[in-house]
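Student: Sharing a structure below in C-alpha cells format, with a few things to ask.
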Amino acid sequence: MTKKKIKEYIEQVDAYAKKELSEHRYNHSVRVANFAGKLAKNYHCGKKTILWAKLAGFAHDICREKPADFLLKYAKKDGKPIDEFEEKNPLLLHGRAAAILLQAQFGIKKKKLLRAIRHHTFGSKKLDTLGKILFVADKIEPGRENAENLRKLIPVLSLNRLTAKVVAESIAYNTAKNKKTHPRTKKMYTQLRKFLEDEK
C-alpha cells in the first residue's frame, strides 16, 4: 500500500473520530496518534510504519463511546469468544469492535494494524512493533499526567523494555486497586520478560 493511501485513510478515520466521539475522547485519540508516530520514529521504524502508527492512534477508540449492544454485535464478528471480563463490561470490547468497523466501513484490511487496535486494551503476546507502539502510546500519551516518569524513559529504553515497564505499572495499579488483571496482559508481560532476557 502506498503512503498516499495510508494518509487518505488517516484523513477519513480522523474525520469519523471527530464526528463520532466526544471532544475529550477525540482529543485523546489525536494525542495518541501523534505520540504513536513519535514513538515509531524514535524506534527507527520506516515511514509507512510511522503512518500506520498514526492511523492506529486515530482509530483505536472510534468505538469507545458506542452502546453495549453495538460493541457486542461487532466484536462477535471476529469469531473470538467473549470472555468474562468483556461480558461483565462490554466497553472493554471497543478495540475488537473498532477493528471490525475499520474493515466494514473503510475497507482497511492491514492485519498488523487491525491486530494492534484489537488488542490495545489488554495487550497480547501476539503484538508486534506496531501493536506495542499503540499499546504504549495509549497508556502514556502526554494527556496522562501520571505517566511522565515513563515518558522520560523513551530515549533510554528499547521498545520491549518500555512496553514491559508500562505493563508492569498497569498490573501494579490493578493490584493496588484490588482489580483483576486480564490473563492476556499477564501473558504479554511474561513474554516481554523473556524477550528482555534474550536482549541481555
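No lab work stands behind these numbers, since they all come straight from the coordinates. Predicted model, so just to flag it, every value in this text is computed and none were measured. In this analysis, Cβ positions are derived from the backbone assuming ideal geometry, glycine residues included, and neighbour counts consider all displayed protein chains.
Student: Which is in contact (Cβ under 8 Å) with a residue 24 or more places away in the chain and not hydroxyl-bearing (Ser, Thr, Tyr), of Lys76, Lys66? Please lay out each step first, then the result.
Tutor: Working: Lys76 fails: in contact (Cβ under 8 Å) with a residue 24 or more places away in the chain.
None of the others qualify; the one that does is Lys66.
Student: Let me ask another. If you check Tyr9, Tyr26, Tyr43, which single one turns out to be crowded, with 16+ Cβ neighbours inside 10 Å, over 13 Å from the mean Cα position of the chain (by Cα) and closer than 18 Å to Arg144 by Cβ?
Tutor: Result: Tyr26 is the single residue among Tyr9, Tyr26, Tyr43 that is crowded, with 16+ Cβ neighbours inside 10 Å, over 13 Å from the mean Cα position of the chain (by Cα) and closer than 18 Å to Arg144 by Cβ.
Student: Counting residues that are in contact with a Ser or Thr (Cβ under 7 Å, 6 or more places away or on another chain), which helices (runs of 4 or more DSSP H) fully inside segment 117-191 reach at least 2?
Tutor: Working: elements: 129-140, 148-151, 159-176.
Hits in segment 117-191: 129-140, 159-176.
Student: Step by step: first the residues of segment 159-188, then only those that are among the hydroxyl-bearing types (Ser, Thr, Tyr) and free of Cβ contacts under 8 Å to residues at least 60 places away in the same chain, then the one that is surrounded by the most Cβ atoms within 10 Å (Cβ to Cβ). Which residue is that? Talk me through it step by step, then tell me what you get.
Tutor: Applying the first criterion (among the hydroxyl-bearing types (Ser, Thr, Tyr)) to segment 159-188 yields 163, 170, 173, 175, 181, 185.
Checking the rest, the ones that are also free of Cβ contacts under 8 Å to residues at least 60 places away in the same chain come to 163, 170, 173, 175, 181.
Details: Thr163: 25, Ser170: 19, Tyr173: 12, Thr175: 11, Thr181: 17.
Applying the filter and picking the extreme gives Thr163.
Student: Quick one: Lys80 ticks every box in (1) among the basic types (Lys, Arg); (2) in a helix (DSSP H, G or I); (3) over 25 Å from Asn27 (Cα atoms) bar one, so which box is it?
Tutor: Unmet for Lys80, out of (1) among the basic types (Lys, Arg); (2) in a helix (DSSP H, G or I); (3) over 25 Å from Asn27 (Cα atoms): (2).
Student: Any residue in segment 55-65 that is surrounded by fewer than 20 Cβ atoms within 10 Å (Cβ to Cβ) and on the phi < 0 side of the Ramachandran plot?
Tutor: yes
Student: Just name the residue that is farthest from Ile50 (Cα to Cα) out of those in segment 12-22 that are under 20 Å from the mean Cα position of the chain (by Cα), assigned to a helix (DSSP H, G or I) and without any contact (Cβ under 8 Å) to a residue 60 or more places away in the chain. Walk me through it before giving the result.
Tutor: Our first condition is that a residue be under 20 Å from the mean Cα position of the chain (by Cα); within segment 12-22, this holds for 12-18, 20-22.
When the remaining residues are screened for being assigned to a helix (DSSP H, G or I), the result is 12-18, 20.
Going one step further and asking which of them are without any contact (Cβ under 8 Å) to a residue 60 or more places away in the chain, we end up with 14-15, 17-18, 20.
Numbers: Asp14: 16, Ala15: 19, Ala17: 19, Lys18: 21, Glu20: 25 Å.
Restricting to residues being under 20 Å from the mean Cα position of the chain (by Cα), assigned to a helix (DSSP H, G or I) and without any contact (Cβ under 8 Å) to a residue 60 or more places away in the chain, the top hit is Glu20.
Student: If you don't mind, another one. Which ones in segment 144-188 are farther than 18 Å from Lys41 by Cβ, touching a Phe, Trp or Tyr at 6+ places or on another chain (Cβ under 9 Å) and among the aliphatic types (A, V, I, L, M)?
Tutor: Ala164, Val166, Val167, Ala168, Ile171, Met188
Student: What single numbered condition from (1) charged (D, E, K, R); (2) surrounded by 22 or more Cβ atoms within 10 Å (Cβ to Cβ); (3) more than 22 Å from Lys7 (Cα to Cα) fails to hold for Arg118?
Tutor: (3)
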